[in-house]
Amino acid sequence: MNSNKVYGLVLSGGKSTRMGADKGTISYHGQPQREYLYGLLEQVCDTTFMSIRKEQETGLSTEYNTIIDQDLYRGPYNGLLSAYNHDPKASWLVLACDLPLINLKALEQLLQERNPNKVATAFALKEHNLPEPLCAIWEAEGLQKSIDYLAEGNGSCPRKFLINADIKIVHPENDEVLLNANFQEDYEQVMTKLKLLK
């Protein structure tokens, strides 16, 4: 039986090599993106944490709950499974730092449509229906199964795991909330969109 408590997790331990700057510290909304996302998750989750690398600890205020990457896995699974090891019974609403247009309304929709009996509830664009593993609610069972999946040598892609797992897909009311900003031109595109929204 899955827990009803949902923790928030801001995945901000990536190296951001494509962007050329730490995506977690880029300001789209007047503050570092990782802190902005943390604030959103705090409004809808029981407790919120920031997933970071050990060397990022000194640059972060102590007001934020953190989970240090254990470096047992590659890619996003590093942060996801470090969180799972922190509390193996919790469900996690996970957000990557490269989602600058995600908003409270979208998170409320994801939680409202959550199916705790699936291994995850994930947003997906209608056009391709592929789950967004880093804008999803991972149930404890899904993360436990991920450990087995990785141990079997299936590669370290959480999307591939979700595609082959029993999950619930949710289509956001506005596809733009899933826009990924990984390059400098993406940043410029997002800033233009935000100016138009004001």
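Determine, yes or no, whether residue 22 is farther than 24 Å from residue 151 by Cβ, assigned to a loop (DSSP other than H, G, I, E, B), at pLDDT below 90 and not basic (Lys, Arg).
When the stated conditions are applied, residue 22 passes them.
Identify all residues within the stretch 39-61 that are within 18 Å of residue 86 (Cβ to Cβ) and either assigned to a helix (DSSP H, G or I) or among the polar types (S, T, N, Q) (or both); write none if there are none.
The initial filter retains those residues of the stretch 39-61 that are within 18 Å of residue 86 (Cβ to Cβ), namely 41-42, 45-54, 56-57, 60.
41, 42, 47, 48, 51, 54, 56, 57 - these are the residues of the stretch 39-61 that are within 18 Å of residue 86 (Cβ to Cβ) and either assigned to a helix (DSSP H, G or I) or among the polar types (S, T, N, Q) (or both).
Of all residues in the stretch 125-157 being under 16 Å from the mean Cα position of the chain (by Cα) and assigned to a helix (DSSP H, G or I), which is surrounded by the fewest Cβ atoms within 10 Å (Cβ to Cβ)?
140
Kindly indicate whether residue 106 is open to solvent by less than 30 Å² (accessible area, probe 1.4 Å) and farther than 21 Å from residue 13 by Cα.
yes
Is there a residue in the stretch 79-88 that is open to solvent by 40 Å² or more (accessible area, probe 1.4 Å) and outside any helix (DSSP H, G or I)? Working first, answer last.
Just the residues of the stretch 79-88 that are open to solvent by 40 Å² or more (accessible area, probe 1.4 Å), to begin with: 85-86, 88.
Then keep just the ones that are outside any helix (DSSP H, G or I); that gives 88.
Checking the stretch 79-88: at least one residue is open to solvent by 40 Å² or more (accessible area, probe 1.4 Å) and outside any helix (DSSP H, G or I).
Check residue 123 against each of (1) of a type outside the set (Lys, Arg); (2) more than 25 Å from residue 191 (Cβ to Cβ); (3) at pLDDT 95 or above and name the one condition it does not meet.
(2)
Listed residues 111, 101, 95; which is modelled with pLDDT under 95, under 15 Å from the mean Cα position of the chain (by Cα) and either surrounded by fewer than 24 Cβ atoms within 10 Å (Cβ to Cβ) or within 19 Å of residue 182 (Cα to Cα) (or both)? Walk me through how you get there before you give the answer.
Details: 111 fails: modelled with pLDDT under 95; 95 fails: modelled with pLDDT under 95.
Exactly one of 111, 101, 95 is modelled with pLDDT under 95, under 15 Å from the mean Cα position of the chain (by Cα) and either surrounded by fewer than 24 Cβ atoms within 10 Å (Cβ to Cβ) or within 19 Å of residue 182 (Cα to Cα) (or both), namely 101.
Please pick out the residue among 64, 36 that is open to solvent by 30 Å² or more (accessible area, probe 1.4 Å) and assigned to a loop (DSSP other than H, G, I, E, B). Talk me through it step by step, then tell me what you get.
Working: 36 fails: assigned to a loop (DSSP other than H, G, I, E, B).
Sole residue among the options that is open to solvent by 30 Å² or more (accessible area, probe 1.4 Å) and assigned to a loop (DSSP other than H, G, I, E, B): 64.
Taking residue 47 as the residue in question, decide whether it is at pLDDT below 95, under 15 Å from the mean Cα position of the chain (by Cα) and not small (Gly, Ala, Ser).
Taking the combined requirement at face value, the residue does not satisfy it.
Filter the stretch 158-185 down to residues that are without any contact (Cβ under 8 Å) to a residue 40 or more places away in the chain and under 27 Å from residue 22 (Cα atoms) and give me whichever is surrounded by the fewest Cβ atoms within 10 Å (Cβ to Cβ).
185
The values are calculated or read from the model by the stated rules, or taken from the named source; none is laboratory data. Computed from a prediction, not measured in an experiment: that's the story for all the values here. For neighbour counting, all protein chains shown are included, and Cβ atoms are generated from backbone atoms with ideal geometry for every residue, glycine included. Just the protein is used for accessible areas: all its heavy atoms, side chains included, with ligands, DNA and RNA removed. Shrake-Rupley method; radii C 1.70, N 1.55, O 1.52, S 1.80 Å.
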